[in-house]
1. What's the total number of residues in region 166-191 that are farther than 30 Å from residue 264 by Cα and buried (at least 16 other Cβ atoms within 10 Å of the Cβ)?
2. I want to confirm something. Restricting to region 196-219 and keeping residues that are over 24 Å from the mean Cα position of the chain (by Cα) and either of a type in the set (Phe, Trp, Tyr) or closer than 21 Å to residue 251 by Cα (or both), which single residue is surrounded by the fewest Cβ atoms within 10 Å (Cβ to Cβ)?
3. Answer yes or no as to whether residue 330 is surrounded by 18 or more Cβ atoms within 10 Å (Cβ to Cβ) and either in the same structural domain as residue 270 (by TED's automatic domain parsing) or over 18 Å from residue 317 (Cβ atoms) (or both).
4. Provide a single number: the residues in region 67-86 that are charged (D, E, K, R), farther than 10 Å from residue 121 by Cβ and either touching a residue at least 40 places away in the same chain (Cβ under 8 Å) or surrounded by fewer than 17 Cβ atoms within 10 Å (Cβ to Cβ) (or both).
5. Working only within region 162-189, note down all residues that are among the hydrophobic types (A, V, I, L, M, F, W, C) and farther than 17 Å from residue 217 by Cα.
6. Scan region 121-135 residue by residue and report those that are in contact with a strand residue (DSSP E or B) (Cβ under 8 Å, 6 or more places away or on another chain) and not hydroxyl-bearing (Ser, Thr, Tyr).
7. Looking at (1) on the phi < 0 side of the Ramachandran plot; (2) of a type outside the set (A, V, I, L, M); (3) exposed (fewer than 14 other Cβ atoms within 10 Å of the Cβ); (4) at pLDDT 90 or above, find the lone condition where residue 433 falls short.
8. Looking only at region 160-171, decide whether some residue is touching a His at 6+ places or on another chain (Cβ under 8 Å) and among the hydroxyl-bearing types (Ser, Thr, Tyr).
Amino acid sequence: MVKFLLRNKIQTKKGTSMDIRITQLITNFITEYVGIFEDCGRFTFESFESDLQRMGTEFFRRSMEVFPELLDEQLVASKEARKEAGITIHKRKVSREVLSKFGLVNFKRTYFKTGEEYAFLTDKVVGLESYDRISPSLTAELVDKAGYMSYQKSACETTDSYLSRQTVMNKIRRTKGLELVLSGKKEEVKVLHVVADEDHVAMQSGKNRIVPLITVHEGIEYVSKRRNRCINARHFCDYDKSTKDLWDEVSAWMAAEYEMDKVERIYLHGDGAHWIKKGLEVLPDCKFVLDKFHLKKAIKSVTGVNKEEYYLEINEAFQDCDLEGFGETIDEMFTIVEDKKEAEKLSAFRTYVLNNWEGIEIRQKEPRCGGSCTEAQISHVLAERLSRNPLGWSEEGLGYMSRLRVYKVNGGKVTTRNFAKKNEEKEQSELEKLAILRTKQIFIETRNYDLFDVKSMRNGKATPLKVILEGINKAGQVI
């Protein structure tokens, strides 16, 4: 009986076969599951949940080991198909380890000679590259979390620190397709807001790099005290793109997502930087709005200690759209400057205001331009991951992370489709299709419920399944 049980397959009533390894996995799981209820001292919701998680994880890990081995056996068994394709066996039972969501998976497969080359056909069929040591799904989860947390924390939470931060970084640099996905329908709105600003990121070289961010939204709505929200905000950021290409991308997306002929006005919010105003050349019916945060910051830079009254006068001039009054205040301030440096700062401030005067007075003339939130967008989208903590980025790392970060904030989720694979470029051969079909049949046979026919269990015949089920009934393992 023991020898019979150890054979590779169990014969069913219909003459088909079911692999003993699959039966063993199911049997051991059911046996352990039933065994939980025997331990009355640990019969709590907490312990039950913990036991089920442990059992399920082990069951899935072992299943992932069985699957490629079954597939490999079918490749080996398909002698006629291999002969026709000119494929021979070079070496059997070569081990491979892959870290999965359920733990370390170990399996053996065959090294084939395919013409003048050699290959592990099983690896190709199951979608594993030769250099992969981490499963595709686990890789996607690692990268997805890295968009919100450090490399090290992502590795810690996902693999219990089994992987290094360097591994997470390397996986991020293999990503693709992190572009903003179109919704497929065009919205009709009267006003659109475009917010543009930049984050200053520390590099490993000791220098800083500017990372531009553009946000398109439909207005600002109240959420709670001290918290507002941009309606349907979508963000654009590509460290490697030119200013023109970035604005062209924003313009193309807006044309695809909105009925632009129904849009009466686009307001471009920013600090007046040259690259931001380039958007006026691309966006139709667009007016520039000088951001309040940067304007107040500029005023404070020239109205420090003992000059508070000038701060109020300048603000009043802005509210009244009084350019002449603003000029008079600045002239008066020039009479009390103490040194050349202070005079240069005041002169630069005056030039800044004059160059952006239309962007200042528009708030009084067109109230629907609304408030600005440039700094809030930078803080939420970029700074939280790129510049808030004392990090030093490489040029390549900053490019990938800025794209990943924006992709995540836009609601994207990193999946296995976001990684380039060589195997995707190759179609499956007839041999591989045949092996997959046969492997599927083996798994399908596990759903043959005739195996569990109670009447057949009572006829006294010592079948392998009867031994298994009797073992389960006695809460003991037989395999």
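1. Of the residues in that region, 7 qualify.
2. So the residue we want is 218.
3. For residue 330, the condition - surrounded by 18 or more Cβ atoms within 10 Å (Cβ to Cβ) and either in the same structural domain as residue 270 (by TED's automatic domain parsing) or over 18 Å from residue 317 (Cβ atoms) (or both) - is met.
4. Total satisfying the criteria: 5.
5. Let us first name the residues in region 162-189 that are among the hydrophobic types (A, V, I, L, M, F, W, C), namely 163, 168-169, 172, 178, 180-182, 189.
163, 168, 169, 172, 178, listed by residue number.
6. Across region 121-135, the qualifying residues are 121, 123, 128, 132, 133, 134.
7. (4)
8. Of the residues in region 160-171, the ones touching a His at 6+ places or on another chain (Cβ under 8 Å) are none.
Among the residues of region 160-171, not one is touching a His at 6+ places or on another chain (Cβ under 8 Å) and among the hydroxyl-bearing types (Ser, Thr, Tyr), which makes the answer no.
The values are calculated or read from the model by the stated rules, or taken from the named source; none is laboratory data. In this text the structure is predicted, and so the values were computed from the model without any measurement. Please note: Cβ atoms are built from the backbone with ideal geometry, for glycine as well, and neighbour counts cover all protein chains shown.
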